[in-house]
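Asker: My questions all concern the structure below.
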Amino acid sequence: MKPPPLIEAHGLSKVFGEGQDLVGRMLSRFGLERPPRRVHAVEEVSLTIREGEVVGVVGESGCGKSTLGRMIADILQPTTGEILHRGRPLGARRREKGAGLAVQMIFQDPFSSLNPRKRVGALIGEAPKVHGIVAREDLDDYVESLMERCGIDLAYKGRFAHQFSGGQRQRIGIARALAVKPELLVCDEAVSALDVSIQAQIVNLFMDLREELGLTYLFISHDLGVVEHVCDRVLVMYLGRIVESGPAAEIFRAPNHPYTKALLAGVPRIERRRTAYEPIEGDMPSPLAPPPGCRFHPRCPFATARCREETPALREIAPGRLSACHLNDATA
Amino acid sequence: MTRAVDTPPALAVEDLRTAFFTDAGRLDVVDGVSLTLRRGEILGLVGESGSGKTMTGFSITGLIEPPGRIVGGSVKLAGEELVGADRARLRALRGRRIAMVFQDPMMTLNPVLRIETQMTDALLAHASMSRAAARAKVRDALAEVGIAAPDERLRAYPHELSGGMRQRVAIAIALLHEPDVVIADEPTTALDVTIQGQILALVQRLCRERGTGLVWITHDLAVVAGIADRIAVMYAGRIVEEGPVDDVLDRPAHPYTRGLIASVPVPGRRERLPQVPGRMPSLLELPPGCAFAPRCAQAAEACRARPDLLPVGPARAARCHFPLVETEAAR
């Protein structure tokens, strides 16, 4: 039998709603319910991450990509749906010692994710010490090997996070995540805040670590150029749903969903000079009041009556490629 | 050709120097920058954090505050000197003849005033007309930047608008008086890709139509590739390369420019990105000579002396002792 994939998620949804405040509770006592304000940040998302794969999640602000990443990293609990880690539910594994370490997260802003009062050595060494991953007497060597692997000068072991540049801080964040020997790194806009030359250094570091340690990545980013460069497979999200997924090379060469097409057409590239941009119209609708039917239909140049009423299902359009668009039915 | 001699360029910056005097020492954030911008031209001013690109924009518009000060050079707006001009004169020019658009429109827009109030205030600051006429004009300005239902939006407060719409309002305000020059500092960096495309298309069209000179300050080479006519690359307070967009991006003359271009992933190629080692030096500990030398693969003994910005081709210049293109073309 084939071993189960590293991560498998079925029908993940996450609803954020405001809890009932005092006024709300009083109103409901008198039978005057106020309609609750709920945001469906992620809806009905299923995905598989195989060992050694780099899976990209792209989409614009409010599409739910960060919420999805946080659920995979077990920081947020899904409202419905389940996540399996090597075939076993994340929830069940949570009680096992050290099981929560298998998935680690790298954040966009390494400064706010590093304790400002701890020295670099302690920042990286704390988790392996607490979880008993290395013996106390080997801790120093272990931390130094991680610093070397991530390209941090060993002389800086006694410094604080604020004494480093953005790129160096991101290296510290990566070393800290690696310290607990994770299998999957969830990178949420991990290179977005960095300067171009520094971004290239960190992207290369991620790829080196993948080869050396056999790491698997969920790479969340709005930067399509970087995603195309590092990812094997890509999920495109719009307003909480996956609209298209498949091998990165194929999606970037021949996008199927109108939203993916618009997204790719809008990416500025160095080879595109004095471009006459022909952008798609309109803003992303508020996730508080998503449009009915296909969520992209108000901005879609090809929308029909059916798109306004019926939500398209994510269906296979070619081996390994899924797209949620009614237009695929017409051509089939 | 003769016309270029007759009318002064929209903006001419000559050897501009701005320094900050801090407890830690003197920081030369803008160190001898020269730029020329013709009417209707779009210049991309590119650099990474700390390169001095934003401070150059602030210096041009006279927005440098203590402990910073312009210590030398000249900024001529359509022939009129701005460096050393008195506050009243600068006030009369800013917003009317030269305008700025910032990265975060939430910082430019007053959160407690309706869009209508702030737009008509900006209009009436430099023009005399009735409130009703002003309202009609700002309404048209909103429609021009592609805001649907402008009458409704005039009644809105900034927080009721999306980021892209706020940036459109900021652009509409900047263009209200049809200025000679607009300085735009990372105006699309905080926006989503599809919204960025809309703003780029808009700005491009408006500047070409009205003959407004635009300085587009950004860290993103791909964005300037799409809209700019010329590019100037900054590093540690100095311009290290300048020229027409195609020349600079296809045949970079400065090793830093080449490194920057190579750092951007190319579609379809997945090998390791060629990277520039290290990072930009602190302005407090600039290496003597070429500021890029410590990160440069081809640095040699000569790089201990400070290179000048010298011609490397028609309308091109680079600040490097060993430029990567043949200098013959310049002669």
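Asker: Look at region A:1-15 and say how many of its residues are in contact with a Pro (Cβ under 9 Å, 6 or more places away or on another chain) and part of a loop (DSSP other than H, G, I, E, B).
Answerer: Of the residues in region A:1-15, 0 are in contact with a Pro (Cβ under 9 Å, 6 or more places away or on another chain) and part of a loop (DSSP other than H, G, I, E, B).
Asker: Determine if region A:115-122 includes at least one residue that is among the small types (Gly, Ala, Ser) and farther than 30 Å from residue A:284 by Cα.
Answerer: Yes: one or more hits.
Asker: Restricting to region B:182-202, name every residue that is among the small types (Gly, Ala, Ser) and not in a helix (DSSP H, G or I).
Answerer: Answer for region B:182-202, where residues must be among the small types (Gly, Ala, Ser) and not in a helix (DSSP H, G or I): B:184, B:190.
Asker: Filter region A:160-205 down to residues that are more than 17 Å from the chain's Cα centre (by Cα) and closer than 17 Å to residue A:102 by Cα and give me whichever is nearest to the other protein chains (Cβ to nearest Cβ).
Answerer: Checked region A:160-205; the qualifying residue nearest to the other protein chains (Cβ to nearest Cβ) is A:175.
Asker: If you scan region A:138-150, which residues turn out to be buried (at least 17 other Cβ atoms within 10 Å of the Cβ) and closer than 20 Å to residue A:201 by Cβ?
Answerer: Hits for region A:138-150 are A:146, A:147, A:149, A:150.
Asker: Can you tell me which residue within region A:296-317, out of those that are surrounded by 15 or more Cβ atoms within 10 Å (Cβ to Cβ) and within 14 Å of chain B (Cβ to nearest Cβ), is nearest to residue A:41 (Cα to Cα)?
Answerer: Top of the filtered list is A:296.
Asker: If we keep just the residues of region B:44-97 that are among the basic types (Lys, Arg) and surrounded by fewer than 17 Cβ atoms within 10 Å (Cβ to Cβ), which is nearest to the other protein chains (Cβ to nearest Cβ)?
Answerer: Among those that are among the basic types (Lys, Arg) and surrounded by fewer than 17 Cβ atoms within 10 Å (Cβ to Cβ), it is B:69.
Asker: Shifting gears a bit: Mind checking which residues of region B:96-149 are small (Gly, Ala, Ser), under 25 Å from the mean Cα position of the chain (by Cα) and modelled with pLDDT of 90 or more?
Answerer: Across region B:96-149, the qualifying residues are B:99, B:122, B:125, B:141.
Asker: On to the next question. Of these, B:237, B:197, which one is buried (at least 24 other Cβ atoms within 10 Å of the Cβ), at the interface with chain A (Cβ under 9 Å from one of its Cβ atoms) and in contact with a Gly (Cβ under 7 Å, 6 or more places away or on another chain)?
Answerer: B:197
Asker: Separate question: Looking at region B:205-234 only, could you name the residues that are farther than 8 Å from residue B:44 by Cβ, more than 8 Å from chain A (Cβ to nearest Cβ) and not β-branched (Val, Ile, Thr)?
Answerer: The answer is B:205, B:206, B:207, B:208, B:209, B:210, B:211, B:213, B:214, B:234.
Asker: Name the pairs: first residue in region B:249-263 and over 16 Å from residue A:195 (Cβ atoms) and more than 8 Å from every other protein chain (Cβ to nearest Cβ), second residue among the aliphatic types (A, V, I, L, M) and part of a loop (DSSP other than H, G, I, E, B), Cβ to Cβ under 6 Å, at least 6 apart or on different chains?
Answerer: Within 6 Å, the pairs are B:251/B:325; B:253/B:324; B:253/B:325.
Asker: In addition: Which residue is nearest to residue B:204 (Cα to Cα), if the candidates are limited to region A:249-279 and must be more than 9 Å from chain B (Cβ to nearest Cβ), out of contact with any Leu (no Cβ under 8 Å at 6 or more places or on another chain) and not β-branched (Val, Ile, Thr)?
Answerer: Among those residues, the one meeting the criterion is A:261.
Asker: How many residues does region B:282-291 hold that are assigned to a loop (DSSP other than H, G, I, E, B) and more than 11 Å from every other protein chain (Cβ to nearest Cβ)?
Answerer: 6
Asker: Residue under question is residue B:295, and the condition is that it be touching a residue at least 12 places away in the same chain (Cβ under 8 Å), surrounded by 13 or more Cβ atoms within 10 Å (Cβ to Cβ) and either under 24 Å from the mean Cα position of the chain (by Cα) or over 30 Å from residue A:230 (Cβ atoms) (or both); does it hold?
Answerer: no
Asker: Can you say whether residue A:285 is touching a helix residue (DSSP H, G or I) at 6+ places or on another chain (Cβ under 6 Å) and either assigned to a loop (DSSP other than H, G, I, E, B) or at the interface with chain B (Cβ under 10 Å from one of its Cβ atoms) (or both), as far as the supplied structure shows?
Answerer: Spelling it out, it is not the case that residue A:285 is touching a helix residue (DSSP H, G or I) at 6+ places or on another chain (Cβ under 6 Å) and either assigned to a loop (DSSP other than H, G, I, E, B) or at the interface with chain B (Cβ under 10 Å from one of its Cβ atoms) (or both).
Yes/no matrix, rows are residues, columns are (1) in a loop (DSSP other than H, G, I, E, B); (2) basic (Lys, Arg):
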site	(1), (2)
B:8	yes, no
B:13	no, no
B:17	no, yes
B:31	no, no
B:54	no, no
B:63	yes, no
B:72	no, no
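Asker: Answer yes or no: is there a residue in region B:262-273 that is touching a strand residue (DSSP E or B) at 6+ places or on another chain (Cβ under 9 Å) and under 24 Å from residue B:187 (Cβ atoms).
Answerer: No, because not a single residue in region B:262-273 is touching a strand residue (DSSP E or B) at 6+ places or on another chain (Cβ under 9 Å) and under 24 Å from residue B:187 (Cβ atoms).
Asker: Quick test of your reading of the structure: residue B:179 fulfils all but one of (1) within 14 Å of chain A (Cβ to nearest Cβ); (2) part of a loop (DSSP other than H, G, I, E, B); (3) of a type outside the set (Asp, Glu). Name the failing condition by number.
Answerer: The number of the failed condition is (1).
Asker: So which residues in region B:117-171 are of a type outside the set (S, T, N, Q), farther than 25 Å from residue B:189 by Cα and not in a helix (DSSP H, G or I), if there are any at all?
Answerer: B:125, B:126, B:127, B:129, B:149, B:155, listed by residue number.
Asker: Sticking with this one: Between a residue in region A:142-163 that is on the phi > 0 side of the Ramachandran plot and modelled with pLDDT of 90 or more and any residue that is of a type outside the set (Phe, Trp, Tyr) and not in a helix (DSSP H, G or I), which pairs come within a Cβ distance under 8 Å, given they are 6 or more apart or on different chains?
Answerer: No pair meets every condition.
Asker: Can residue B:270 be described as closer than 29 Å to residue B:23 by Cβ and within 11 Å of another protein chain (Cβ to nearest Cβ)?
Answerer: Taking the combined requirement at face value, the residue does not satisfy it.
Asker: Right, here's the next one. I'm trying to understand the selection: among the residues of region B:182-193, which are within 14 Å of chain A (Cβ to nearest Cβ) and touching a Leu at 6+ places or on another chain (Cβ under 7 Å)?
Answerer: Of everything in region B:182-193, those that are within 14 Å of chain A (Cβ to nearest Cβ) and touching a Leu at 6+ places or on another chain (Cβ under 7 Å) turn out to be B:188, B:193.
Asker: Taking the condition of being over 23 Å from the mean Cα position of the chain (by Cα) and either over 22 Å from residue A:60 (Cβ atoms) or not small (Gly, Ala, Ser) (or both), how many residues in region B:157-182 meet it?
Answerer: So the answer is 5.
Asker: Okay, next question. Which condition from (1) under 30 Å from residue B:164 (Cα atoms); (2) more than 15 Å from the chain's Cα centre (by Cα); (3) at pLDDT below 90 is the one that residue A:60 breaks?
Answerer: Going through (1) under 30 Å from residue B:164 (Cα atoms); (2) more than 15 Å from the chain's Cα centre (by Cα); (3) at pLDDT below 90 one by one, residue A:60 breaks only (2).
The values are calculated or read from the model by the stated rules, or taken from the named source; none is laboratory data. Bear in mind the structure is a predicted one, so any value in this text is a computation, not a measurement. FYI the Cβ positions are ideal-geometry reconstructions off the backbone, even for glycines, and counts take in every protein chain you see.
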